[in-house]
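Just below is one structure, and these are the notes that go with it.
The values are calculated or read from the model by the stated rules, or taken from the named source; none is laboratory data. Since we're looking at a predicted model, the values are computed, not measured. Reconstructed Cβ throughout: ideal geometry from the backbone, glycine too, with neighbour counts over all protein chains shown. Only protein heavy atoms, including side chains, enter the accessible area calculation; ligands, DNA and RNA are left aside. Shrake-Rupley method; radii C 1.70, N 1.55, O 1.52, S 1.80 Å.
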Amino acid sequence: MAKEIVIPDIGDFDSVEVIEVLVEAGDTIAAEDSLISVESDKATMEIPAPEGGVVVEVNVAVGDQVSQGSLILLLEPGGDAPAVETPVTQKNTPAPAASQPAPAPQPVAASLQQHRPSPTAKIDETSFARAYASPSVRKFARELGVDLGRVAGSGRKGRVIKDDVKAFVKQVLTQGTGSGSGLAVAPMPEIDFSQWGEVETQKLSKINKLTGKFLHRNWVTVPHVTQFDQADITELDALRKSMAAEYKDKGIKITMLAFLIKAVVAGLRELPRFNASLDASGENLILKHYFNIGIAVDTPDGLVVPVVRDADSKSLVDIATELGDISQKARDKKLKPSDMQGGCMTISSLGGIGGTQFTPIVNAPEVAILGVSRHKMTPVWNGENFEPRLMLPLSLSYDHRVVDGADGARFTSFMGRVLADANGLVK
Ligand code: CAO
């Protein structure tokens, strides 16, 4: 008969959130195998199995709040699965009764002490210890000799999950490890800057650390080219201003960014290779038939990229309304991970701040990012005389493995044409 496995005594915590479910129905597990990870304000814990057997049904999901006694899963006990790292005393424990609490959970820090680094692995213990990952993922990384500190986490709040470690290993194997085809870089020296003057140390925010890892990965793994261009937005700006006046009373801000999103959707339709990602093997291109546009938003804690979904089916006013909500949510730290996933191409607009051009970093696995700088009234030769035209600088960075130079120039030229005909972007 299946037994109910419930949350054991987890100390002072009344209600904690499930952040990872590590087993599924049909899995054969051994005593002490981790079942779920839970997180409170203070600690992350894994709840281990009290005994081995086959999982019949999992009764929790990521995001659930659980406390002592909550049902985790139903287990069909069976002695086949060998216990891993089970203390002798527990191996000899007689079969537990139904509603058996799992053994006490292990805090992340404690489990770190239990595993020695592989002598062959060059693991930076400080960054390994700082990595945000569960004990089982740490153990897995140790076994493979992976320095967790170098792995970008795709889990909730940037948590490193098992698949991230696997992807990291795959990437290292396909790229070489430091000599030959791989990237060999000298380690950054540790320098005491205070020897030259007064300094202060500021902790990086979580977002800073997370985006730093992704930007670094994208910078070194994606061969970037940046195509510069200028779009004539004289008529667009006039239209935007008149629409802005019309919608002001309704509390909707009609921004340049809304027009740019519509223009990028048109560009993705015109040149579908921009709406694609390379698969993990690097041998196939996955072409997307949906149009989700990421927007780089600067917040006091760092850069976030929320996504406007299905922008092709939304009007300019719908998009402008959504942009207002998104930017507010971003600044209020209310964006959920799902609000920042599934983007096809990103727009990074620095126009409101300044600058003439820049080279944005592709938000991989997307293959292109459109940078926008400050527009400027410019004398433009019309064949007979110079005319004052409002010109918008565009900086399109793309992954040269997927997009060739001709298409890069075609994309920005096309953007120029659609932005010049702004009425076509309103619907
Ligand atoms: N040229 C000149 N002025 C511009 C402009 C441009 N290209 N784009 C916007 N502006 C002006 C607007 O007219 C507006 O002026 P008013 O306040 O006088 O009306 C002001 O700048 C603010 O514009 P906005 O409200 O339309 O906002 P935005 O579209 O400029 O910016 C957002 C929105 C979320 C993109 C922005 O707040 C932001 O976070 N930008 C930074 C993104 C970033 O950090 N990118 C770097 C990523 S690294 O690759």
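Could you tell me whether any residue of region 307-318 is closer than 25 Å to A244 by Cα, surrounded by 17 or more Cβ atoms within 10 Å (Cβ to Cβ) and within 11 Å of the ligand (Cβ to nearest atom)? Checking region 307-318: not a single residue is closer than 25 Å to A244 by Cα, surrounded by 17 or more Cβ atoms within 10 Å (Cβ to Cβ) and within 11 Å of the ligand (Cβ to nearest atom).
Within region 274-295, the set of residues being among the aliphatic types (A, V, I, L, M) and either in contact (Cβ under 8 Å) with a residue 60 or more places away in the chain or away from the ligand (no atom under 16 Å from the Cβ) (or both) comprises A276, L278, A280, L285, I286, L287.
Residues in region 201-235 that are in the same structural domain as H400 (by TED's automatic domain parsing), touching a Lys or Arg at 6+ places or on another chain (Cβ under 8 Å) and assigned to a helix (DSSP H, G or I): T234 alone. Out of the residues in region 219-229 that are within 14 Å of the ligand (Cβ to nearest atom) and surrounded by fewer than 21 Cβ atoms within 10 Å (Cβ to Cβ), state the one that is farthest from N423 (Cα to Cα). Here the answer is W219. Taken together, S348, S327, S338 contain a single residue that is surrounded by 12 or more Cβ atoms within 10 Å (Cβ to Cβ), assigned to a helix (DSSP H, G or I) and among the polar types (S, T, N, Q), which is S327. Applying a threshold of 6 Å to beta carbon distances and a minimum spacing of six or more residues, or different chains, the list of pairs starting in region 246-261 at a residue that is open to solvent by less than 70 Å² (accessible area, probe 1.4 Å) and ending at one that is near the ligand (Cβ under 8 Å from one of its atoms) and β-branched (V, I, T) reads L260/I347. From the list E24, E20, E32, E4, the one residue that fits, being in contact (Cβ under 8 Å) with a residue 12 or more places away in the chain and over 23 Å from F140 (Cα atoms), is E4. The set of residues in region 360-387 being touching a Phe, Trp or Tyr at 6+ places or on another chain (Cβ under 9 Å) and within 11 Å of the ligand (Cβ to nearest atom) consists of I361, V362, N363, I369, L370, G371, S373.
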